[in-house]
Amino acid sequence: SQQGEEDPQALSIQEGENATMNCSYKTSINNLQWYRQNSGRGLVHLILIRSNEREKHSGRLRVTLDTSKKSSSLLITASRAADTASYFCATDPFYQAGTALIFGKGTTLSVSS
Amino acid sequence: DSGVTQTPKHLITATGQRVTLRCSPRSGDLSVYWYQQSLDQGLQFLIQYYNGEERAKGNILERFSAQQFPDLHSELNLSSLELGDSALYFCASSVAPGGPTGTQYFGPGTRLLVL
């Protein structure tokens, strides 16, 4: 079963607006990562947040992590058309540290100009 | 460009056939992961190799097998193919296991179509 579940499944916004995607997971984790996938292409790593961190920034990206609620959010500020892609959260479960990441089904973001 | 290469990019074959997908990890990465991405199942972990040894298994069918060679490239073998095996197959690499899983670097994928 999926560890991470993203919400919403799809999001459509205008250029310049902010986009927020949420991820919920089920088990204790070492870290949580966000990846982007342009249509049919490989996944690109965006940001990693460790279980003892609450917030992390990278450029126009802001990630928060609430381990008590087992949830994370990804905020993309001032969205651009080039941000159109699918976004996945991936968890490194504590019970299988150092092996595979478990991915959610993703949020499809569409940014129109 | 992640530094991970996968060949071929596209593969069209018939049911019952066998195919081999190839992956070369980033220079210096010892771990290779294989994932399958389909519309209904999402991104599913298949198997991980570290420095030539199998390290973890996920939802990999018995008809599928993999190996990692001394030069660290990896091959995923899919046999007795079924229509449902049509999917994108990704390879990813990372530096090493041991402790939490860090960033994984994904290749461009192989799109397999079984007719």
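The values are calculated or read from the model by the stated rules, or taken from the named source; none is laboratory data. Note that the structure is a prediction, hence the values are computed from the model and not measured. Reconstructed Cβ throughout: ideal geometry from the backbone, glycine too, with neighbour counts over all protein chains shown. When the accessible area is computed, the model is the full protein with side chains, heavy atoms only, and any ligands, DNA or RNA have been set aside. Shrake-Rupley method; radii C 1.70, N 1.55, O 1.52, S 1.80 Å.
Taking the criterion of being at pLDDT 95 or above and small (G, A, S), the residues of the stretch A:75-113 that qualify are A:A78, A:S79, A:A81, A:A82, A:A85, A:S86, A:S110, A:S112. Condition check for B:S94 on (1) open to solvent by less than 60 Å² (accessible area, probe 1.4 Å); (2) within 28 Å of A:E5 (Cβ to Cβ); (3) more than 14 Å from chain A (Cβ to nearest Cβ): one failure, at (3). With respect to being modelled with pLDDT of 95 or more, open to solvent by less than 70 Å² (accessible area, probe 1.4 Å) and of a type outside the set (D, E, K, R), B:F45 falls outside the description.
Which residue, of B:L83, B:L39, B:L115, is surrounded by fewer than 15 Cβ atoms within 10 Å (Cβ to Cβ), more than 14 Å from the chain's Cα centre (by Cα) and closer than 19 Å to A:G106 by Cβ? Being surrounded by fewer than 15 Cβ atoms within 10 Å (Cβ to Cβ), more than 14 Å from the chain's Cα centre (by Cα) and closer than 19 Å to A:G106 by Cβ holds for just one of B:L83, B:L39, B:L115, which is B:L39. Looking across the stretch A:5-59, the residues that are open to solvent by less than 70 Å² (accessible area, probe 1.4 Å), within 10 Å of another protein chain (Cβ to nearest Cβ) and not in a strand (DSSP E or B) come down to A:G40, A:G42, A:S51.
Could you list, in sequence order, all residues of the stretch A:60-87 that are open to solvent by 20 Å² or more (accessible area, probe 1.4 Å) and within 12 Å of the chain's Cα centre (by Cα)? Answer for the stretch A:60-87, where residues must be open to solvent by 20 Å² or more (accessible area, probe 1.4 Å) and within 12 Å of the chain's Cα centre (by Cα): A:L61, A:R62, A:T64, A:S71, A:S73, A:L75, A:S86. Taking the criterion of being farther than 19 Å from B:V114 by Cα and among the small types (G, A, S), the residues of the stretch B:29-65 that qualify are B:S31, B:G52, B:A56, B:G58. Scanning the stretch B:94-108 turns up no residue that is touching a Ser or Thr at 6+ places or on another chain (Cβ under 9 Å), over 26 Å from A:C89 (Cβ atoms) and of a type outside the set (D, E).
Against the list (1) in contact (Cβ under 8 Å) with a residue 40 or more places away in the chain; (2) more than 28 Å from B:W34 (Cα to Cα), the condition A:K26 fails is (2). Taking the stretch A:48-68 as the range and being in contact (Cβ under 8 Å) with a residue 24 or more places away in the chain and within 21 Å of B:S2 (Cα to Cα) as the test, only A:L61 passes. Kindly indicate whether A:T91 is within 11 Å of another protein chain (Cβ to nearest Cβ) and assigned to a strand (DSSP E or B). Considered against the rule, which asks whether it is within 11 Å of another protein chain (Cβ to nearest Cβ) and assigned to a strand (DSSP E or B), A:T91 comes out as yes. Suppose the filter is more than 8 Å from chain A (Cβ to nearest Cβ), free of Cβ contacts under 8 Å to residues at least 40 places away in the same chain and open to solvent by 10 Å² or more (accessible area, probe 1.4 Å); does B:N59 pass it? So B:N59 fits the description; yes.
Within the stretch B:1-25, the set of residues being closer than 19 Å to A:R36 by Cα, in contact (Cβ under 8 Å) with a residue 12 or more places away in the chain and open to solvent by 60 Å² or more (accessible area, probe 1.4 Å) comprises B:T5 only.
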